[in-house]
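Notes to accompany the following structure.
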Amino acid sequence: MSSDMMLAGFASCLKIEKKLFEELIGILKQEENALTQSSFYKFDDFVSRKTSLLEQLSQLDSKRNQYFKNNGVALERKDINHWFGMHCPNNHETQDLWSELLVLADAARKLNHTNGLIISKYLQHNQCTFVALQCASGNIFLYGPSGQAYI
């Protein structure tokens, strides 16, 4: 297979990966919106869709990493950028796809982190509510993970 054909296949994988990240970001935004509105009835759907997308992204990530390894490229950003400069100097579409992919991956990471923080706040609130209910029912002592009593 020629180098140009391999590069075209690589670019095709990047396009698919970009599309999947865009879809993941859309789901993460919907999830964030649902969390901020305390609307939890769609969470099973969000988890299912995210799991499917993450599995596909993981497969494409492995395929991309294997492509780089097969071409003697270390899996470091600077090495990958250098490889693009050497092997795709006139192929700005592939370089642009890579740059867009990095931006999308970072956006997905940030959205996921934000959603995790919101979920942690809900969990904290629920734990405090549970403690208050336990205290109100006369069971003022609860035990922590170390076995010590706390209120």
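Computed quantities for the displayed model
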item	result
Positions within segment 32-53 being open to solvent by less than 10 Å² (accessible area, probe 1.4 Å) and either modelled with pLDDT of 95 or more or not in a helix (DSSP H, G or I) (or both), in sequence order	LEU53
Residue list for segment 8-31, filter: open to solvent by 70 Å² or more (accessible area, probe 1.4 Å) and of a type in the set (S, T, N, Q)	GLN30
Single residue of segment 96-113 satisfying the filter (within 11 Å of the chain's Cα centre (by Cα) and open to solvent by 50 Å² or more (accessible area, probe 1.4 Å)) that is farthest from GLU23 (Cα to Cα)	HIS113
Test: residue in segment 76-87 that is in a loop (DSSP other than H, G, I, E, B), at pLDDT 90 or above, exposed (fewer than 14 other Cβ atoms within 10 Å of the Cβ) and at negative phi	yes
Single match in GLN127, GLN59 (criterion: modelled with pLDDT of 90 or more, open to solvent by 70 Å² or more (accessible area, probe 1.4 Å) and part of a helix (DSSP H, G or I))	GLN59
Residue under evaluation LYS18, criteria (1) farther than 14 Å from LEU101 by Cβ; (2) part of a helix (DSSP H, G or I); (3) not β-branched (Val, Ile, Thr), criterion not met	(1)
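The values are calculated or read from the model by the stated rules, or taken from the named source; none is laboratory data. Since this is a predicted model, take the numbers as computed values, not measurements. Counting neighbours? That spans all protein chains shown, and the Cβs are built from the backbone with ideal geometry, glycine included. Areas reflect the complete protein model, heavy atoms only, side chains present, ligands, DNA and RNA absent. Shrake-Rupley method; radii C 1.70, N 1.55, O 1.52, S 1.80 Å.
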